[in-house]
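Trainee: Mind having a look at this structure? Questions to follow.
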Amino acid sequence: MNSLEGFVTGPMVYLAIAVFTVVTAYKVHAIMNMPRHLRWDLYPVPHQGPEGSKYQKVDFYKLPKQFSLTHELKEMGEEIFFIKRAFLNNRKIWRGSYLLHLGFYIGTAWLALLVAGAVMEIAGVRVSAAGGLASLIYYLTIAAGVASFVFGLAGTLWLFHLRVHDEEMQAVSDAVSYMNLGLMLLLFGTGFAAWLFADPTFALLRAQVAGLLTFTAVPVQDSLIAWQMFWFSVFLLYLPFSRMMHFAAKYFFYHNIMWDDEPLKAGSDMEKDITGYLSYSVEWSARHIKHRGNWAEQVASRPEREVDKK
Amino acid sequence: MKKRVRLSEFGAAEKVLTPLSYSDLAPLPGEDTSQKQFKPVRPELWEKYDYSLDGFSALNLPIPKTPEEEAAIVNSFLAGLEKLFKKENNWAFLQPTVLSTEYCMQCNTCNEACPVYEASGRQDIYRPNFRSELLRRIYRRYFTPAGRLLGKWAGADVELNWRVVYRLAELSWRCSLCRRCASTCPIGVDNALLARELRKLFSMEMGIAPDAVHKSGTINHMITGSSTGMTRAAFLDNIEFIEDLIEEKIGRRIKIPVDKKGADIMLLHNAGEYMAWPENPAAFAILFDAAGIDYTLSSEAMGYEGVNYGVWYDDVQYARIALAQVQAAKNLGVRKIVVGECGHATKGLVTIADRLCVGDFAIPRESCLPLLEQITLSGAIKFDPMKNNFPVTMHDPCNMVRLMGIINPQRNVLKHILPPGQFREMPNAGTNNYCCGGGSGFAIMNSQNFPEWRNNLASRKKAQQVLEAFKDVLDPSIPKYYCAPCSNCKGAARDALMHHYGFRDKYNIIYGGLVELMVNAMIDVPHPFITWEDEF
Ligand code: SF4
Ligand code: SF4
């Protein structure tokens, strides 16, 4: 094993996992800790259930909080597992996007299966076709891996095709869009190639995973395995810095903005927080803004300089 | 012809980036656009103002004359852009702004949802994601290390010059903030929000906003008490006039309560109603009187004006007005505020202001539509649906429907006051509706050649929907009613549907609010309240 392969299949993977975890956590934390925003609901709001918006009722503010978990989960499930909005509104992109997302979902399951298999191997249970739970893991890993690569590749290629040949898509695609697709092509492509040419049962990769779990260097049997692990690490390193982080951000778009119908209640934390924001000093400099006034002062003031001008 | 415009070329020195012609527009059934042309701009105006986006001007932006002036425009824009992403200046919308800036996947799903993009013949510049993407690329280019270092490889390939800034300013006023695009985006990215954020930057940093919305809008509102310029004395005169009108219409005088301390409800109308559609507040007065509602109007400056143009472009102006309206209710000691038939006023005061009304400002606020439904279903008033024996369709104002979810009350009212078979939904009714074309200030923006743009592009889809709803009864011998329970939507109906597209003359379609239809069906009202011949 050369030292480069040793780095790619060892330290680089640890580094990638660490960077991915820390940066993702940091970004999510940053989103969660932004100030509360003013209401910006978008209807229908699924957790309001079949009754729909409370605003349809006289004295709505006296009504109990509406929260139908079933309706919310149903809508979330349809969006997460079927990418419903793209399906309904943009079938063309949905075909590629859905396959690609399937590639990621199944790929995540595949990684979990690889880890489970590696743990079994470490515990002395051989993962093979021989029968029992180990054989279930064995076959599921193969099925999930192949499905993930095939769906991921097909989705990526379809999206590439659209961005290159569809004039409307071409018009909005920036270099980063192509770069992201290129990266996914390498991620799924090297995985697929390694499976096809070097590791048809994923035994080699499972051994690498076991090595990673036990902090032991495992010789690389085929350079395709190293390539596969390299692009996986690059992808993980890049992911939290890219717009593909929408996998986490989407939660906030839906729950913290469109579906956030939480009213302000007297004495609540929300009220305290917002009262605090009113002391932020405003830097905007148009004539109608009170120079250096905080938000409370802005609201209480009238645009004197504009009034003078009239 | 469809003009392909690359984002990186947005600042190109072309006279007009996307010149529009009638032949580009999506034609309405029976509309012949082949001979029509947009009115040319007078040469002296060309010299003076910037029309370089699409040949239209919403903002009267004077063309800079010196390199120093050009640089000042760019610098001021950059200063504002930085502030947009700081919590001190933009806590109220920081989270939605940051999320929508960072996570667009450039999938174009939003495009097909946009009535302006569709009506324009799918011009690139009107894509919902086009202006957002400009904002993103400029922000990355000037405020992120990756953008500065890597340029286009970090999605940061728009270089600023004054043209980019001015075109972007105009472009932020080519979106009606209807948020139809946002409701289709798989991620949840909100291009309308970003258009509004841009408007905020231009207004709050650079003092750039349409005169009708700012100077004669919110500023005038604060000076005189109303965006219409109506002072307290004029308001009280108007109330007397409406009492006369009621007497004339129903043969009985009703005293409209003003400044009644301790009333249950403070009713807040868009003051435009008093001037342009006095039948609407008159109809409210007749209904509330008949139903025995304990209510009052306020004659306090800003307390008799329900509009809040700040909703469309400026958080400071917005908050000043919203809290002044609540203060008027506090002064009267009412239990709650009910907002009349005005979409943006309702959303502005009921939803967006919710988290601003801290402490003793937390006076309940609600839309009039549920109350109208309650009055109808309570049996307090007897209706004869046959008095409304004509086809009616219902416009869903974006602010009340997609942005507040108020869908059923107005329909339940119609069920009780129309004979069976006379109500017809438009295609895409409910939360999937299309903007009237007057949203976000468009209905009141009448300077320069902007109305031509608005009527032809922003209202075109609505015109198509109305024709579709009435397609089996288009014959002008059949009178028809386009019910728009919103002042701005009525303004757009008057200017675009009636005057521009000629629906009144061609098809005998008139427009009006919901309360007028209710009063028209009242058994106790001897003569028709809605008369096809006069004021509509
Ligand atoms: S805003 Fe949403 S729908 Fe539009 S291009 Fe971006 S991700 Fe796609
Ligand atoms: S908010 Fe409405 S007008 Fe604006 S871009 Fe979206 S769909 Fe178009």
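The values are calculated or read from the model by the stated rules, or taken from the named source; none is laboratory data. Fair warning: this is a prediction, and the values are worked out from it, not measured in the lab. No Cβ is skipped: glycine too gets one built from the backbone with ideal geometry, and neighbour counts run over all protein chains shown. To get the accessible areas, we keep the full protein, side chains included, count just its heavy atoms, and leave off ligands, DNA and RNA. Shrake-Rupley method; radii C 1.70, N 1.55, O 1.52, S 1.80 Å.
Trainee: Accessible area of the protein assembly as shown with a 1.4 Å probe: how many percent of it is carbon plus sulfur?
Mentor: 60
Trainee: Testing the spin-label approximation: label points 7 Å from Cα along Cα→Cβ at B:S378 and B:K261. State their distance in nm.
Mentor: In this crude label model, B:S378 to B:K261 measures out at 2.6 nm.
Trainee: Averaged over peptide B:427-437, how many Cβ atoms belonging to another chain are found within 10 Å of each residue's Cβ?
Mentor: The per-residue average across the peptide is 1.
Trainee: Taking the Cα atoms only, what angle lies between the long axis of helix A:223-238 and the longest principal axis of chain A, rounded to 10 degrees?
Mentor: Its long axis makes an angle of about 10 degrees.
Trainee: So, one more: Output the pairs from A:K54/B:K461; B:K260/B:K382; B:K249/B:K462; B:K260/B:K330 with a Cα-Cα distance over 23 Å in this structure; if there are none, say none.
Mentor: Checking Cα-Cα distances, A:K54/B:K461; B:K260/B:K382; B:K249/B:K462 exceed 23 Å.
Trainee: Right, something else. Counting only heavy atoms of the protein chains, get the accessible area per residue of region B:219-520 (1.4 Å probe) and round it to a whole Å² value. Numbers along the way, then the final one.
Mentor: Details: 8090 Å² over 302 residues.
Roughly 27 Å² per residue, with all protein chains present.
Trainee: Beyond 23 Å, what percent of the Cα pairs of region A:198-310 remain?
Mentor: Working: 4168 of 6328 pairs.
I get 66 percent for the Cα pairs in region A:198-310 exceeding 23 Å.
Trainee: Using every pair of alpha-carbon atoms in the protein assembly as shown, split the distances into 20 Å bins beginning at 0 and state the percent of pairs per bin, rounded to integers.
Mentor: All Cα pairs, binned at 20 Å, distribute as 14, 44, 30, 10, 1, 0 percent.
Trainee: Counting pairs on different chains as well as pairs 8 or more places apart, how many Lys pairs in region B:7-206 have Cα atoms under 29 Å apart?
Mentor: Taking region B:7-206 as the scope, the lysine pair count is 20.
Trainee: Here's another thing I want to ask about it. Could you work out the percent of alpha carbon pairs in chain B separated by over 39 Å, rounded to a whole number?
Mentor: 26
Trainee: While we're on this one: Rounded to the nearest 20 Debye, what is the dipole magnitude of region B:7-206 about its Cα centre when Lys and Arg each give +1 and Asp and Glu each give -1 at the C-beta?
Mentor: 420
Trainee: Sticking with this structure for a sec: For chain B, take the longest principal axis of its alpha carbons; what is the angle in degrees between that and the long axis of helix B:408-417, to the nearest 10 within 0 to 90?
Mentor: 40
Trainee: Mind checking how much accessible area B and A bury in total, 1.4 Å probe, in Å² rounded to 100?
Mentor: Summing both sides, the interface buries roughly 8100 Å².
Trainee: Averaging sequence separations of C-alpha pairs under 8 Å and six or more residues apart, then dividing by the length of region B:7-206, give the relative contact order as a whole percent. Walk me through the numbers before you get to the answer.
Mentor: Values: 264 pairs, mean separation 54.4, N = 200.
Over region B:7-206, the number comes to 27 percent.
Trainee: Just to be sure I understand the model, the point goes 7 Å from the Cα along the line to the Cβ. What's the resulting B:K415 to B:T33 distance in nm?
Mentor: Label-label distance for B:K415 and B:T33, simple model: 3.9 nm.
Trainee: Still on this structure, I have one more. Rank by packing, highest mean first: peptides B:430-440, B:504-514, with packing defined as the count of other Cβ atoms within 10 Å averaged across residues.
Mentor: Values: B:430-440: 26.4, B:504-514: 20.8.
Listed from highest to lowest mean packing, they are B:430-440, B:504-514.
Trainee: Please quote Rg/Rh for chain A to two decimal places, taking the Kirkwood radius as Rh and restricting both calculations to Cα atoms.
Mentor: With Rg and the Kirkwood Rh in hand, the quotient comes to 1.09.
Trainee: A follow-up question, please. Ordered by packing density, taken as the mean number of other Cβ atoms within 10 Å over each peptide's residues, highest first, how do A:129-137, B:307-315, A:177-185 rank?
Mentor: Descending packing order for the listed peptides: B:307-315, A:177-185, A:129-137.
Trainee: Work out the mean other chain Cβ neighbour count within 10 Å for the residues of B:173-186 and drop it here as an integer. Working shown, then result.
Mentor: Numbers: counts 0, 0, 0, 0, 0, 0, 4, 0, 1, 5, 6, 5, 6, 15.
What the average comes to for B:173-186 is 3.
Trainee: To the nearest 10 degrees, how steep is helix A:91-122 against the longest Cα principal axis of chain A, on a 0 to 90 scale?
Mentor: Tilt relative to chain A: about 60 degrees.
Trainee: Kirkwood Rh, Cα Rg: Rg to Rh for region B:359-412?
Mentor: Rg/Rh: 1.08.
Trainee: Between B:G340, B:L323, B:G303, whose Cα lies farthest towards the positive end of the dipole of region B:287-354 when Lys and Arg beta carbons carry +1 and Asp and Glu beta carbons carry -1, centred on the Cα centre?
Mentor: So the residue furthest toward the plus end is B:L323.
Trainee: Please compute, for peptide A:241-247, the average count of beta-carbon atoms on other protein chains lying within 10 Å of each residue's beta-carbon.
Mentor: Per residue, the average neighbour count from other chains is 4.
Trainee: Considering all alpha-carbon pairs of region B:365-492, what whole percent are spaced by more than 22 angstrom? Don't skip to the end; give the middle numbers.
Mentor: Details: 3336 of 8128 pairs.
Cα-Cα pairs of region B:365-492 separated by over 22 Å account for 41 percent.
Trainee: Which three extents, in whole angstrom, do the alpha-carbon atoms of region B:219-520 cover along their principal axes, largest first?
Mentor: Each principal axis gives a Cα extent; for region B:219-520 these are 53, 46, 33 Å.
Trainee: Place +1 on the Cβ of every Lys and Arg and -1 on the Cβ of every Asp and Glu in the protein assembly as shown, take the dipole about the Cα centre, and give the residue among B:G421, A:L212, B:P145 whose Cα lies farthest towards its positive end.
Mentor: About the Cα centre, the residue reaching furthest to the positive side is A:L212.
Trainee: Determine the distance separating the Cα centre of region A:34-101 from the Cα centre of region B:443-478; give it in Å without decimals.
Mentor: 31
Trainee: Something else: Compute the Rg/Rh shape ratio of region B:7-206: radius of gyration over Kirkwood radius, all on alpha-carbon atoms.
Mentor: Ratio of gyration radius to Kirkwood radius for region B:7-206: 0.97.
Trainee: If packing is taken as the mean number of other Cβ atoms within 10 Å per residue, what is the order of B:412-424, A:98-110, A:71-83, B:338-350, highest first?
Mentor: Top to bottom by mean Cβ count within 10 Å: B:338-350, A:98-110, B:412-424, A:71-83.
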